[in-house]
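The values are calculated or read from the model by the stated rules, or taken from the named source; none is laboratory data. This is a predicted model, so every value here is computed, not measured. Remember, those area values only see protein heavy atoms, side chains included, never the ligands or the DNA or RNA. Shrake-Rupley method; radii C 1.70, N 1.55, O 1.52, S 1.80 Å.
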Amino acid sequence: MEGGTTHAGKGQSFEHLCLLHRSTVGSLLASELGWKFYDADDYHPEENLVKMRKGIPLNDQDRIPWLSNLHDILLRDVATGQHVVLACSALKKVYRDILIRGKDGAPQKCAEPGKEGKVAEVKLLVVHLSGSFEIISERLLQRKGHFMPPELLQSQFDTLEPPSAPENFIQISLDKNLSEIIATILQVLK
């Protein structure tokens, strides 16, 4: 595949995409696909926002309840047949696992009558938009009105565990322009 690394099986269908690092790409992609869009930043509890505004990096204890809430939102959308694009800084594999399986790591039972014993599963394709510290820092500096100060970027790079097999993911370089990034993702989804 031109433009990135992929570990998403051909012919697999995904109900949700998780874009690491980019709400602009996410919102445009959701619009193109006719899917619902969530920016995970909109779901941070106030305590997380206060920490980040003060320049204090979030830790696992801060992130896990936030990610669990996002999992519940994705699970609700699975139950209704809604496809979703989620822009989220699920920096570690364990964070991405929480988005798929919930906090306890076990698939959740479906609460829908008549489907007892069936497991409701979040089928997630992680789109890792990768770039150098310099590129991402430059883009952060251009962002206005966001709660996360650019000074926290290094902590995100320090925390980042790029997706790897057996995760379902594609990696796309931020050196590409927006339309190339969208086209690459759409090609993988076909």
Note: V50 to F133 extended length (0.36 nm per residue) minus current alpha-carbon separation gives 27.5 nm
Considering amide H positions built from the backbone, and no H for Pro or chain starts, which residues 5 or more places from F37, or on another chain, come under 5 Å of its amide H? V85
Here is the link list: K51/K123; K54/K123; K51/K176; K93/K123; K54/K176. Which ones come out longer than 27 Å on Cα distance? K51/K123; K54/K123; K51/K176; K54/K176
Keeping every protein chain in place, order E167, E161, E138 by accessible area at 1.4 Å, biggest value first, i.e. largest first. E138, E161, E167
